[in-house]
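A quick write-up on the structure given underneath.
The values are calculated or read from the model by the stated rules, or taken from the named source; none is laboratory data. Keep in mind the model is a prediction, meaning the values are calculated, not measured. Virtual Cβ from ideal backbone geometry, glycine too; neighbours counted across all protein chains shown.
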């Protein structure tokens, strides 16, 4: 295992519990966390004793998506932007390629990239009070780094358009109703129930579980072939627009008066 600073990986028998561990930043994906997340997936893939994964967040959020620092870096530095978009592609590819079943334990808001990561998991538990929101368009970005791959496969195209074009929130109950989550549970039971489900999957015949997951993910792979390249290219162009610059100025931390 590589040394990671923004992610904790713990073992519970054959289950690996992966925790996004930047609670003070609401587990927002900095460039470093983005790279560590990809690396953690590859490390677990090489763990012969692992049979299932639980993914959750530390603190009060699952993930707030991208960080403000990276928001600005991608606007002004094309090298950073290209590297970030390559990582975004790798994240989607690695999550779709991960042989082990992944159970999300969404403990709080899952926004932007955090929402996309949730929908790349295989089973989704959400705490009552948690919500999903893909806010790319609301911050002047094309929703190109995964949502256009996953959402149409899980809910209707009309519903995908409704929520991706507006950035509106989906409560845990609404996410279950629309097919973007499996279970809404009390917050104090979330991790226990998600982990218990992961153990159920870990106890199933490994080859049958893993190849059935791979077979089902072929539908998402087909979507990725059709949409992901175009989506990332269009999202890259978003960083050059006046709307994106205006959002960045609005979000920029203001010095104390």
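When you look at residue 86, is it free of Cβ contacts under 8 Å to residues at least 40 places away in the same chain, surrounded by fewer than 17 Cβ atoms within 10 Å (Cβ to Cβ) and part of a helix (DSSP H, G or I), yes or no?
yes
Which residues, taken from segment 190-205, are over 18 Å from residue 99 (Cβ atoms) and either out of contact with any strand residue (DSSP E or B) (no Cβ under 7 Å at 6 or more places or on another chain) or exposed (fewer than 14 other Cβ atoms within 10 Å of the Cβ) (or both)?
Passing the criteria: 192, 196.
Scan 65, 13, 114, 57 and give me the residue that is within 21 Å of residue 201 (Cβ to Cβ), touching a residue at least 24 places away in the same chain (Cβ under 8 Å) and under 12 Å from the mean Cα position of the chain (by Cα). Spell out how you get there, then give the answer.
Details: 65 fails: within 21 Å of residue 201 (Cβ to Cβ); 13 fails: under 12 Å from the mean Cα position of the chain (by Cα); 114 fails: within 21 Å of residue 201 (Cβ to Cβ).
None of the others qualify; the one that does is 57.
State whether the residues of segment 60-77 include one that is in a strand (DSSP E or B) and either touching a helix residue (DSSP H, G or I) at 6+ places or on another chain (Cβ under 8 Å) or over 20 Å from residue 118 (Cβ atoms) (or both).
Yes.
Just checking, how many residues over segment 121-135 are crowded, with 24+ Cβ neighbours inside 10 Å and under 13 Å from the mean Cα position of the chain (by Cα)?
Residues flagged as crowded, with 24+ Cβ neighbours inside 10 Å and under 13 Å from the mean Cα position of the chain (by Cα) within segment 121-135 amount to 3.
Restricting to segment 31-75, count the residues that are farther than 17 Å from residue 15 by Cα, at pLDDT 95 or above and out of contact with any strand residue (DSSP E or B) (no Cβ under 6 Å at 6 or more places or on another chain).
Selection size over segment 31-75: 3.
Would you tally the residues in segment 151-180 being part of a helix (DSSP H, G or I), crowded, with 17+ Cβ neighbours inside 10 Å and in contact (Cβ under 8 Å) with a residue 60 or more places away in the chain?
2
Considering 187, 202, 198, 206, which residue is over 21 Å from the mean Cα position of the chain (by Cα) and within 23 Å of residue 19 (Cβ to Cβ)? I'd like the intermediate steps shown before the answer.
Working: 187 fails: over 21 Å from the mean Cα position of the chain (by Cα); 198 fails: over 21 Å from the mean Cα position of the chain (by Cα); 206 fails: within 23 Å of residue 19 (Cβ to Cβ).
From the options 187, 202, 198, 206, the qualifying one is 202.
Quick one: which residue in 108, 13, 66, 59 is closer than 24 Å to residue 171 by Cα and surrounded by fewer than 17 Cβ atoms within 10 Å (Cβ to Cβ)?
59
Does residue 148 fit the bill of being outside any strand (DSSP E or B) and surrounded by 21 or more Cβ atoms within 10 Å (Cβ to Cβ)?
On the way: outside any strand (DSSP E or B): yes; surrounded by 21 or more Cβ atoms within 10 Å (Cβ to Cβ): yes.
In short, yes.
Restricting to segment 89-115, what's the tally of residues that are farther than 19 Å from residue 211 by Cα and not in a helix (DSSP H, G or I)?
Summing the residues that are farther than 19 Å from residue 211 by Cα and not in a helix (DSSP H, G or I) in segment 89-115 gives 9.
Please tell me if residue 118 is part of a helix (DSSP H, G or I), buried (at least 18 other Cβ atoms within 10 Å of the Cβ) and touching a strand residue (DSSP E or B) at 6+ places or on another chain (Cβ under 6 Å).
For residue 118, the condition - part of a helix (DSSP H, G or I), buried (at least 18 other Cβ atoms within 10 Å of the Cβ) and touching a strand residue (DSSP E or B) at 6+ places or on another chain (Cβ under 6 Å) - is met.
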